[in-house]
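Asks: Questions regarding the structure given below will be posed in turn.
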Amino acid sequence: MAEGLRERKKRRTRQYISDVATGLFVERGFDAVTVAEVAEAADVSVNTVYNYFPAKEDLFLDRSSGVVDRLARWVRGRDEGEPAARAVLRELRGEVEAVSPRVGLFSGYAAFMRVVEQAPALRSRLWAIGQEVQANLEAALREETGAADGDPLPQLMAGQIGWAHSTVMAVIGREMAKGRNPREVSREALDLLDDIEDLLSEKVLNYAVRGAE
């Protein structure tokens with residue numbers, strides 16, 4: 001369905017407020033900037049800011065809604081005959097090869113992380129997002145395999161798949177925080193993905209094959 005004028009205007013307003021807030025946070029630090037100051041700088045009311053962003057942390061981590069179900073979405077969208085772990089590795093490899101900002105490969109990452117490191121509230125939110133990612137992945141694996149609630153295997157597999165994803169993301173984050181070139185870090189992350197795939201057992205790599213009886 002095509003985006004209507006009203007929806008497009010709301011999306012642009014939301015993005016503008018987020019961009020203004022991010023600029024202030026990078027310049028002065030997350031804790032030093034109030035929501036009222038963001039509203040003033042964006043020329044909107046405080047209520048408008050809260051209409052788009054329920055919490056101050058959402059102003060900075062405004063793309064987190066697309067992250068919490070990413071691994072689960074990759075699993076549910078895997079190809080016929082493709083196992084869950086291989087689907088996640090394939091999708092992650094594609095993001096890394098594309099030098100995608102969605103995996104932290106962008107030139108402003110160091111400034112982004114400085115804001116996070118100085119703000120306990122943002123670090124706490126990122127931890128919570130990580131927990132949501134893992135819970136959603138486990139739920140998807142249970143649903144896709146028809147596993148019973150008491151079956152520990154989906155949780156164990158989610159842990160292995162989540163480890164692979166978080167390890168790559170952590171290495172990218174560490175290297176990008178040094179101000180390195182995104183393409184150089186991308187190449188190193190691709191080598192790391194090869195090493196991770198070698199380390200994962202066949203049981204993990206061949207779990208939850210789409211279309212398997």
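The values are calculated or read from the model by the stated rules, or taken from the named source; none is laboratory data. Note that the coordinates shown come from a computational prediction; the quantities given were computed from them, not determined experimentally. Every residue, glycine among them, receives a Cβ derived from its backbone with ideal geometry; neighbour counts consider all protein chains shown. When the accessible area is computed, the model is the full protein with side chains, heavy atoms only, and any ligands, DNA or RNA have been set aside. Shrake-Rupley method; radii C 1.70, N 1.55, O 1.52, S 1.80 Å.
Asks: Which members of the stretch 174-191 meet the condition of being open to solvent by 40 Å² or more (accessible area, probe 1.4 Å) and on the phi < 0 side of the Ramachandran plot?
Replies: Scanning the stretch 174-191 gives Arg174, Ala177, Lys178, Arg180, Asn181, Arg183, Glu184, Arg187, Glu188, Asp191.
Asks: While we're looking at this one, here's another question. So which residues in the stretch 13-52 are under 23 Å from Tyr109 (Cβ atoms) and among the aromatic types (Phe, Trp, Tyr)?
Replies: Across the stretch 13-52, the qualifying residues are Tyr16, Phe25, Phe30.
Asks: Please list, ordered by first then second residue, the pairs with beta carbon atoms under 6 Å, 6 or more apart or interchain, first in the stretch 74-98 and closer than 13 Å to Thr145 by Cα, second at pLDDT 95 or above and open to solvent by 60 Å² or more (accessible area, probe 1.4 Å).
Replies: Pro83/Asn206
Asks: Sticking with this one: Within the stretch 182-213, work out how many residues are modelled with pLDDT under 95 and not small (Gly, Ala, Ser).
Replies: 2
Asks: Also, I was wondering about something else. Might you check whether a residue that is over 29 Å from Phe60 (Cβ atoms) and either in contact with an Asp or Glu (Cβ under 6 Å, 6 or more places away or on another chain) or not charged (D, E, K, R) (or both) occurs anywhere in the stretch 125-142?
Replies: Checked the stretch 125-142: at least one residue is over 29 Å from Phe60 (Cβ atoms) and either in contact with an Asp or Glu (Cβ under 6 Å, 6 or more places away or on another chain) or not charged (D, E, K, R) (or both).
Asks: In addition: All but one of (1) part of a helix (DSSP H, G or I); (2) out of contact with any Ser or Thr (no Cβ under 8 Å at 6 or more places or on another chain); (3) under 20 Å from Arg78 (Cα atoms) hold for Ala147; which doesn't?
Replies: With (1) part of a helix (DSSP H, G or I); (2) out of contact with any Ser or Thr (no Cβ under 8 Å at 6 or more places or on another chain); (3) under 20 Å from Arg78 (Cα atoms) applied to Ala147, the lone miss is (1).
Asks: What is the one condition in (1) loosely packed, with under 14 Cβ neighbours inside 10 Å; (2) not in a loop (DSSP other than H, G, I, E, B) that Ser107 does not satisfy?
Replies: (2)
Asks: Same structure again: With (1) in a helix (DSSP H, G or I); (2) modelled with pLDDT of 95 or more; (3) more than 24 Å from Arg174 (Cβ to Cβ) as the list, and Leu71 as the residue in question, which single condition is left unmet?
Replies: Going through (1) in a helix (DSSP H, G or I); (2) modelled with pLDDT of 95 or more; (3) more than 24 Å from Arg174 (Cβ to Cβ) one by one, Leu71 breaks only (3).
Asks: Also: Starting from residues that are charged (D, E, K, R) and outside any loop (DSSP other than H, G, I, E, B), keep the ones in the stretch 74-95 and report whichever is least open to solvent (accessible area, probe 1.4 Å).
Replies: Among residues in the stretch 74-95 that are charged (D, E, K, R) and outside any loop (DSSP other than H, G, I, E, B), the one least open to solvent (accessible area, probe 1.4 Å) is Glu95.
Asks: Something else: Is it the case that some residue within the stretch 150-165 is more than 27 Å from Phe106 (Cα to Cα), in contact with a helix residue (DSSP H, G or I) (Cβ under 6 Å, 6 or more places away or on another chain) and among the acidic types (Asp, Glu)?
Replies: no
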